[in-house]
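*Asks:* Questions regarding the structure given below will be posed in turn.
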Amino acid sequence: MRKHKNTIQVVAFTVVILACPFFLDAYWIDVINNIGLYAVLALSLNFIVGYTGLFHMGHAAFFAVGAYATGILNTSYDIPIVLLLPVSGLAAALFAYLVARPIIHLRGDYLLIVTIAIVEIVRIALVNDIFGLTGGSNGIFGISRPDFYFFDIRTPHQFFYYIWAFLALSVLLFYNLEKSRYVRALNYIKNDEVAAEGSGVNVDHLKLTAFVLGAFWAGMVGNIYASKMTLISPASFSFWESVILFVIVILGGSGSIRGVILGAFLIIGLPEIFRQFAGARMLVFGGAMVAMMVFRPQGFLPPLPRKYPVHKIQPGEKTL
Amino acid sequence: MTLLSIKNLTKRFGGLLAVDDVSFDVEQGRIVGLIGPNGAGKTTVFNLITGNYIPDEGRIMFDGHSLTGLKTHKIVALGIARTFQTIRLFKNLTVLENVMAGCHCRMNSGILSSMLRIPFQRREERMALARALKELEFVGLKQHMDINAMNLSYGNQRLLEIARALASNPKIIILDEPAGGMNDYETTQLVLLIEKMQKRGLTVLLIEHDMNLVMRICEDIIVLEHGARIAQGTPAEITQDQRVIEAYLGIEEEDEEDEAFEAEGRD
């Protein structure tokens, strides 16, 4: 019965999203596009914060590495944007591996402080035009648009299909992963590290893979973002961006794909709808956060318990 | 055949000599008890075996491998599973998923094969599920598999820890006070369960304060006091041993031993 309900929800959501380009103008489609980008970014952060329970407030650093990898390689060497999609992911993943490896054993608050430091260091490095590559505080401009053989992407409506197809694919892959031993092991770590290690889970290695995988996806979003804006600057990758992503995950539902997507709609979408109250935005935002943490600390849509095909297992079936 | 061999094991915490030159062997297929008064260093010995602590001196051999310097998850993969004195379950996950944690180290699917759900991965998941169900049935918790671990009764939480340990397909299972907090009926069931584990070919090493239980099922008993081994032998020999009587059996007290591991965690 519940499975039925979930399918209906997913189908209804998909229909509403697919209807958007037919009813909304370029401005609102761009808002929907931003929501999509933030949703994928928050889903990539969800590996670290949601599934594994690590306090990581520097995700914008990985996003920045992906975006700048795209910007530099595209403007200097004219490499097509679409080819740079996996390259940006790999660059961010490598960066995450290098910075996370020495700090992976840190606990809670200590890890939080170091990740904040990472995003600040990256931003300052970008502002100071590190290696003469990043263009200082002006950033990099003139980045190409994505170019497929049959489909050039220019307008917000075209980006809509690109971004939401990317989101849909990511959700599908992450959904599969949720039902595997990988995300299960991350959940064990979140619940009790000592017990996880004592049950045979390689805790440090898995935490590191969560960082690397999350950064890989954030780097790919960086690529899409760079090609959408055609201009990137350090201001887009501040600590505040990391905080927003963190809030999306926590508010929406830590470790829950549907929760994180809802979180992106609430945090990125609502301020656009209530533009006329822009002055009171932070007040409302802060109030909402306090209310949430008091009344619903697990987020709007916490993860559903995973279902296993227990009834399909025959007695005497081959076991591990 | 000797499965687990401990030689001259020593561990200090600052000035405290927690384990002092302890040596003993555990034979394959036996049920071995490790007893001693509070603070004798029993749990520390367990933590040294499972790699939670690193010994200052001495070595531990298991099934032809030296365990010195290995990380805990590697030791589990070699075939040593444990339960914890203070229950450490994944409280917010279901009973079934708790048991599946034990299967993790026997599985091979990676991130990519899981994202794409390749046939190998799905077959492996199914086999892990079957194994978890088998172990739940073995300890008698199958009817509770869908509830969260935190909602189990205390005795059942201990059984769940055992099921999780068994799911890692160990050669030896190390039980740290398995009867702690159990009532008489549950303890009787536990004794039957431990005997069933032995019949499966498992070796059992346990710490227990319930002397009834120890004398009933252990074939070999090692007694520690102040970190040092003071006696080893069959239950009959141990009950006759003058040093053991002096050190331990004459005194009755509730236990609050070795919270150091709890407090420190594993860094």
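Every number in this text was worked out from the coordinates using simple rules, so none of it is lab data. Small disclaimer: the values here were computed from a predicted structure and weren't measured. Counting neighbours? That spans all protein chains shown, and the Cβs are built from the backbone with ideal geometry, glycine included.
*Asks:* Inverting the mean 1/r over all pairs of different Cα atoms, compute the Kirkwood radius of region B:93-169 and quote it in Å.
*Replies:* Answer for region B:93-169: a Kirkwood hydrodynamic radius of 12.7 Å.
*Asks:* So what is the relative contact order of chain B, in percent, for Cα pairs below 8 Å that sit 6 or more residues apart?
*Replies:* With pairs under 8 Å counted, the relative contact order is 27 percent.
*Asks:* Still on this structure: Give the order of B:158, B:117 when sorted by the count of other beta carbons within 10 angstrom, beginning with the fewest.
*Replies:* B:117, B:158
*Asks:* Normalized C-alpha radius of gyration of region A:24-238, against 2.2 N^0.38 Å?
*Replies:* 1.04
*Asks:* Follow-up. Considering only B:37, B:15, B:4, whose Cα is most displaced toward the positive end of the charge dipole of region B:1-46, charges sitting on Cβ of Lys, Arg (+1) and Asp, Glu (-1)?
*Replies:* My answer, from the dipole projection, is B:15.
*Asks:* Here's something else I'd like to know. Could you tell me what % of all Cα pairs in chain B have separations over 29 Å?
*Replies:* Summing the P(r) of chain B above 29 Å gives 31 percent of all pairs.
*Asks:* Calculate the spin-label point distance for residue A:25 paired with residue A:78, positioning each point 7 Å from the Cα along the beta-carbon direction, and give it in nanometres.
*Replies:* Taking the two extended label points, one gets 3.9 nm.
*Asks:* Go through A:60, A:252, A:301 and say which Cα lies farthest out towards the positive end of the charge dipole of chain A; charges sit on Cβ, +1 for Lys and Arg, -1 for Asp and Glu.
*Replies:* A:301
*Asks:* Also, quick follow-up: If each Cα of region B:1-132 is one equal point scatterer, what is log10 of I(q)/I(0) from the Debye formula at q = 0.15, 0.19, 0.23 Å⁻¹?
*Replies:* Debye intensities relative to I(0), on a log10 scale: -0.86, -1.13, -1.39.
*Asks:* Picking from A:313, A:11, A:40, whose Cα lies most toward the positive end of the charge dipole for chain A (charges on Cβ: Lys, Arg +1; Asp, Glu -1)?
*Replies:* Farthest towards the positive pole: A:313.
*Asks:* Given the Cα-Cα distance of residue A:284 and residue A:124 and 0.36 nm per residue of separation, how much length would full extension add, in nm?
*Replies:* Stretched out fully, the residue A:284 to residue A:124 stretch lengthens by 54.5 nm.
*Asks:* Sort A:78, B:146 so the one with the fewest other Cβ atoms within 10 Å of its own Cβ comes first.
*Replies:* Ranked by crowding around the Cβ, least crowded first: A:78, B:146.
*Asks:* Next question. Taking neighbour counts of Cβ atoms within 10 Å as a proxy for exposure, in what order, fewest first, do A:240, A:28, A:164 appear?
*Replies:* Placing the least packed residue first, the sequence is A:240, A:28, A:164.
*Asks:* Given 0.36 nm per residue, what is the gain on full extension from residue B:112 to residue B:219 after removing their alpha carbon distance, in nm?
*Replies:* 33.7 nm
*Asks:* Of the beta bridges DSSP finds with both residues in the protein assembly as shown, what % are antiparallel, to the nearest 5?
*Replies:* 60
*Asks:* Taking 8 Å as the Cα distance limit and 6 or more residues as the minimum spacing, I'd like the relative contact order of chain A as a percentage.
*Replies:* 31
*Asks:* Taking H as built 1.01 Å from N, whose amide H comes closer than 5 Å to the amide H of residue B:206, not counting residues under 5 places away?
*Replies:* Here B:32, B:33, B:34, B:175 satisfy the definition.
*Asks:* Please state the shape class of region A:108-204: rounded when a/c is under 1.5, otherwise prolate if a/b exceeds b/c and oblate if not, all from the C-alpha gyration tensor.
*Replies:* Because a/c hits 1.5 or more and a/b fails to exceed b/c, region A:108-204 counts as oblate.
*Asks:* Additional query: In debye, nearest 20, what is the charge dipole magnitude of the protein assembly as shown about its Cα centre with +1 on Lys and Arg Cβ and -1 on Asp and Glu Cβ, if you could check?
*Replies:* It comes to approximately 2740 debye.
*Asks:* Moving on to the next point. Compute from the Cα atoms of the protein assembly as shown the Rg and the Dmax, the latter being the longest Cα-Cα distance, and quote both in angstrom.
*Replies:* So, for the protein assembly as shown, Rg and Dmax equal 27.8, 91 Å respectively.
*Asks:* Just grab the label-to-label distance for residue B:61 and residue A:117, each label 7 Å out from Cα along the Cβ direction, in nm (one decimal).
*Replies:* 4.5
*Asks:* Modelling each spin label as a point 7 Å along the Cα-to-Cβ direction, I'd like the residue B:12/residue B:68 distance in nm, to one decimal.
*Replies:* Between residue B:12 and residue B:68, the label points sit 1.7 nm apart.
*Asks:* Now for a different question. Measuring from centroid to centroid over Cα atoms, what is the spacing of region A:1-76 and region B:109-163 in Å?
*Replies:* Comparing the Cα centres of region A:1-76 and region B:109-163, I get a distance of 32 Å.
*Asks:* Same structure, new question: Mean residue ellipticity at 222 nm from the helices of chain B, using -39,500 (n - 2.57) per DSSP H segment of n ≥ 4 over the full residue count, to the nearest 500 deg cm²/dmol?
*Replies:* For chain B, the value works out to -10500 deg cm²/dmol.
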